[in-house]
Amino acid sequence: MTCSVKFDVQIVEDAEALSRAAAEAIVCQVNETLEKREFFTIALSGGSTPRVLYALLAKDASFRDEVDWGKIHFLWGDERYVPPDHPESNYRMANEAMLSKIPVPAANIHRMRTEDADVTKVAEAYEQEVRLLFKLGAGELPRLDCVLLGMGPDGHTASLFPGTTALNEKERLVVANWVEKFRAYRITMTAPVLNNACSIIFLVGGEEKAETLREVLQGKRQPERFPSQLIQPTHGKLLWLIDKASAQLLKKVS
Ligand code: 6PG
């Protein structure tokens, strides 16, 4: 697949259409990539929006049966610092909705080892796992085939939250990030890694995000306040999949 620079906004009817559009885009990208390469790498996002997408990919034969799941490596763009069986775990959500229902080898599921008592070590270990998977040399960035992202009402994406230290990380691939509003750590891929992807797909739905989405897409650039603005692929393409409810405040651009 050629990673041409592209910035698309696709507005769909509702949450179901959002997941269906994302599933179509992902399956298309997987099959285009696998025509030329031996495997496909995708970083999953967490939260609640992607759960429907993951379930669709695993249940709907028009997607499930179109993908050679054994050739896909699953990573996470971010994770909560909770055990993998915790209700808040992004890994648990993806595993329940999809991974446990498709024939993907366990070796292809690269979850963050959040059971480790030291969150810094969780991030370091994941960075090492990413380096090994992508066979990275010193200073090199992984080129993920696809990165899925969501956007919170506060404008965060992955676990890049407003005013947190991870926003300014330029060297590390994965960091532990203290999020004051949760009084908790998150572990997140950094902006340079996310922006090096061939394809980035934002999934945003719900009217509670409409104001933030307008700021992020059409407001002035202030990534400290709206970290989703950090996402500007260096050479790949960016697709904003948004539903009508979240798009309602966007000014029409001809
Ligand atoms: C997480 C996610 C996070 C998520 C946004 C949006 O760990 O929570 O990775 O970045 O994408 O919070 O979540 P929703 O799509 O559920 O609103």
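Can you tell me which of THR190, THR120, THR49 moves the most in a GNM of the chain? Springs connect C-alpha atoms under 10 Å apart.
Answer for the Gaussian network model of the chain: THR120.
Using the alpha-carbon centroid of each, what span in Å lies between region 136-171 and region 226-254?
Centre-to-centre distance over Cα atoms comes out at 16 Å.
Can you give the extra length, in nm with one decimal, that the chain gains between LEU250 and SER100 once fully stretched, where that is 0.36 nm per residue apart less the Cα-Cα distance?
Net length gain for the segment: 50.2 nm.
So what's the net charge close to PRO83: Lys and Arg +1, Asp and Glu -1, counting the other residues with Cβ under 13 Å from its Cβ?
Counting the neighbours of PRO83, the net charge comes to -1.
Run the helix sum for the chain: -39,500 (n - 2.57) per DSSP H stretch of 4+ residues, divided by residue count, reported at 222 nm to the nearest 500 deg cm²/dmol. Present the calculation step by step, with values, prior to reporting the outcome.
Details: 8 runs with 76 residues, N = 254.
Value at 222 nm, helices only, nearest 500: -8500 deg cm²/dmol.
Pick from ALA107, ALA58, ALA97: which is most flexible by mean-square fluctuation in a GNM of the chain where alpha carbon atoms under 10 Å apart are linked?
For the chain, modelled as a Gaussian network with Cα springs under 10 Å, the answer is ALA107.
What does the highest-first list of 60-66, 149-155 look like by mean Cβ count within 10 Å?
Those peptides, ordered most packed to least, come out 149-155, 60-66.
Would you order VAL193, VAL147, VAL82 from fewest to most other beta-carbon atoms within 10 Å of each residue's own beta-carbon?
Final ranking by Cβ density, sparse to dense: VAL82, VAL193, VAL147.
Among CYS198, CYS28, CYS146, which one moves the most in a GNM of the chain with springs linking Cα atoms closer than 10 Å?
The residue with the greatest mean-square fluctuation here is CYS28.
What percent do you get for the relative contact order of the chain when only Cα pairs under 8 Å and 6+ apart count?
It rounds to 25 percent for the chain.
In debye, nearest 20, what is the charge dipole magnitude of the chain about its Cα centre with +1 on Lys and Arg Cβ and -1 on Asp and Glu Cβ, if you could check?
Rounded to the nearest 20 debye, it is 500 debye.
Name the residues of region 73-106 whose amide N is less than 15 Å from a point 7 angstrom out from the Cα of ARG113 along the C-beta direction?
83-84
Where nothing but the Cβ of Lys and Arg (+1) and of Asp and Glu (-1) is charged, how large is the charge dipole of region 199-254 around its Cα centre, in debye to the nearest 20?
That gives a dipole near 260 debye.
Straight-line reach from LYS101: which lysines have a Cα under 17 Å away, not including same-chain ones fewer than 8 places off?
LYS59, LYS71
Modelled label-to-label distance, ALA138 and SER48, 7 Å Cα→beta-carbon offset: nm?
About 4.7 nm separates the two model spin labels.
Return, for the Cα atoms of the chain, the radius of gyration and Dmax in Å, separated by a comma.
Spelled out, the Cα radius of gyration and Dmax of the chain are 17.0, 52 Å.
Using the Kirkwood formula over every pair of different C-alpha atoms, what hydrodynamic radius in Å results for region 20-142?
15.2 Å
All of the numbers you see were taken from the coordinates with simple rules; none came from a lab. What you see is a predicted model; the values in this text were computed from it and never measured. A quick note on method: Cβ atoms are made from the backbone with ideal geometry, for glycine too, and the neighbour counts reach across all protein chains shown.
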